[in-house]
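Reading through the structure tokens given below for one structure.
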Amino acid sequence: MKRRDFLSLLGGAVAALPHRVQAQTPQATAQNWPQRVVRIVVPYVPGGGTDAIARILAAGLSKSAGYQIIIENKGGGSTNIGTEAVAHAAPDGYTVLFCSLSFAINRFLFPTLGYDSLVDFAPVTLIATYPDLMAVPNASPARTVAEFIAFAKGNGGRTTFASSGTGSSPHLAGELFKRRAGIEMTHIPYRGAGPAITDVIAGRVDVMFNTFGATLSLVRDGQLRGLAVTSAERFKAAPELPTVAEAALPGFDVTAWYALYLPAQTPRHIVRKLNADVVAVLSEPAIRDKMELLGVAVIGSTPEELARHLRAETELWGPVIKAANIRGE
């Protein structure tokens, strides 16, 4: 090859180099998202209700949106281990957090955290909500919420309520209930919902505000007496049950939830793309049916609606946790 031909070829290669580099910049990569597997981190161990909802969503996305989603369970530390891992992940859209109520309340339960839920994450969508179900033993004298409040007021401070653990949604529902009703109840925490429910059925504990999906079957089988649901409106899966608000305490509203978040600084294009894909999947009847069978109401919000929801949840639960002096375990 002649020298001038070689230099001409080299010059052409150098001239093309900036375009090739430009094609690999983060901005250009974001516009083409996703180009590889997307990982959804579930900060719980496999097998629970949260994991089940996440896997239904992941399967639906992989099928309908056309890119592969995998679930990575990273339990432990009251969800803080998995949540912190996502907070510190690259903001490229390939690491997503599947979170629940603990995402809002852990800031009040733990004195130090390696993340700030209001700062270190970009909201994507509120996936679903679900109430707790207020249930008492069949031997209880209370057949309504009002009767239970009267029973507690006349019980000399000896009334007890069970939960699946300190800081759980059932625990917080019980704390808010006694605060709004003006009654005294002693919290009895258990290591999981199973043993707690067993003691409520046996009458060793007076009441429990437990996850709707896990409790409704026990009520319909006659093992427990259901008094009300904790959501603001009657729940589609059990319209015969009144709400706590309509039964005795106007304005009472406790709903747990599931949501998706990305690390802060994730390009807006990616946030919007993931939001649109998830909302589309949640609108599919087959996906909604599968989730509703697990006792949730499917939502599919905008990022802005989720941001408002999270702030409202922190404003609700912060004072309750402080007043009850609850500490994370």
TODO: Would you check if there is a residue in segment 137-153 being assigned to a strand (DSSP E or B), out of contact with any Cys (no Cβ under 6 Å at 6 or more places or on another chain) and either at negative phi or β-branched (Val, Ile, Thr) (or both)?
DONE: no
Open item on the list: For segment 179-199: of the residues being surrounded by 16 or more Cβ atoms within 10 Å (Cβ to Cβ) and over 26 Å from the mean Cα position of the chain (by Cα), which is nearest to Ser164 (Cα to Cα)?
Closed with: Asp199
Task: One residue from Thr112, Thr95, Thr83 being among the polar types (S, T, N, Q) and crowded, with 21+ Cβ neighbours inside 10 Å - done: Thr83
- [ ] Looking for whichever is touching a Gly at 6+ places or on another chain (Cβ under 8 Å), of a type in the set (D, E, K, R) and under 14 Å from Ile149 (Cα atoms) here; the options are Glu175, Glu184. Which one fits?
- [x] Glu184
- [ ] Being without any contact (Cβ under 8 Å) to a residue 12 or more places away in the chain and among the hydroxyl-bearing types (Ser, Thr, Tyr) is the filter here, so list the residues in segment 199-222 that pass it.
- [x] Ser217
Open item on the list: If I ask for residues that are under 17 Å from the mean Cα position of the chain (by Cα), touching a residue at least 24 places away in the same chain (Cβ under 8 Å) and assigned to a helix (DSSP H, G or I), which ones from segment 46-76 would you list?
Closed with: Gly49, Thr50, Ala52, Ile53, Ala54, Ile56, Leu57
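May I ask you to list the residues in segment 21-51 that are of a type in the set (Gly, Ala, Ser) and either at pLDDT 95 or above or outside the structural domain of Gly300 (by TED's automatic domain parsing) (or both)?
Ala23, Ala28, Ala30, listed by residue number.
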- [ ] Identify, by number, the condition in (1) of a type outside the set (Phe, Trp, Tyr); (2) under 30 Å from Pro91 (Cα atoms); (3) buried (at least 18 other Cβ atoms within 10 Å of the Cβ) that Glu315 doesn't meet.
- [x] (3)
- [ ] Output the residues belonging to segment 287-303 that are in contact (Cβ under 8 Å) with a residue 40 or more places away in the chain and exposed (fewer than 13 other Cβ atoms within 10 Å of the Cβ).
- [x] none
Open item on the list: If I filter segment 267-285 for residues that are buried (at least 18 other Cβ atoms within 10 Å of the Cβ) and within 30 Å of Gly182 (Cα to Cα), do I get at least one hit?
Closed with: no
Task: Any hit, segment 114-129, residues being outside the structural domain of Met208 (by TED's automatic domain parsing), under 20 Å from the mean Cα position of the chain (by Cα) and of a type in the set (D, E, K, R) - done: yes
Task: Residue identified as of a type in the set (Asp, Glu), free of Cβ contacts under 8 Å to residues at least 40 places away in the same chain and not in a helix (DSSP H, G or I) among Asp92, Asp116 - done: Asp116
TODO: Output the residues belonging to segment 146-169 that are within 30 Å of the chain's Cα centre (by Cα), surrounded by 23 or more Cβ atoms within 10 Å (Cβ to Cβ) and more than 17 Å from Arg327 (Cβ to Cβ).
DONE: Phe148, Phe161, Ala162
Open item on the list: Among the residues of segment 137-147, are any without any contact (Cβ under 8 Å) to a residue 40 or more places away in the chain and within 15 Å of Arg225 (Cα to Cα)?
Closed with: yes
Open item on the list: Every residue in segment 242-297 that is in contact with a strand residue (DSSP E or B) (Cβ under 8 Å, 6 or more places away or on another chain), among the polar types (S, T, N, Q) and in a loop (DSSP other than H, G, I, E, B), please.
Closed with: Gln265, Thr266
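The values are calculated or read from the model by the stated rules, or taken from the named source; none is laboratory data. Because the structure is predicted, anything quoted here is derived from the model rather than measured. Please note: Cβ atoms are built from the backbone with ideal geometry, for glycine as well, and neighbour counts cover all protein chains shown.
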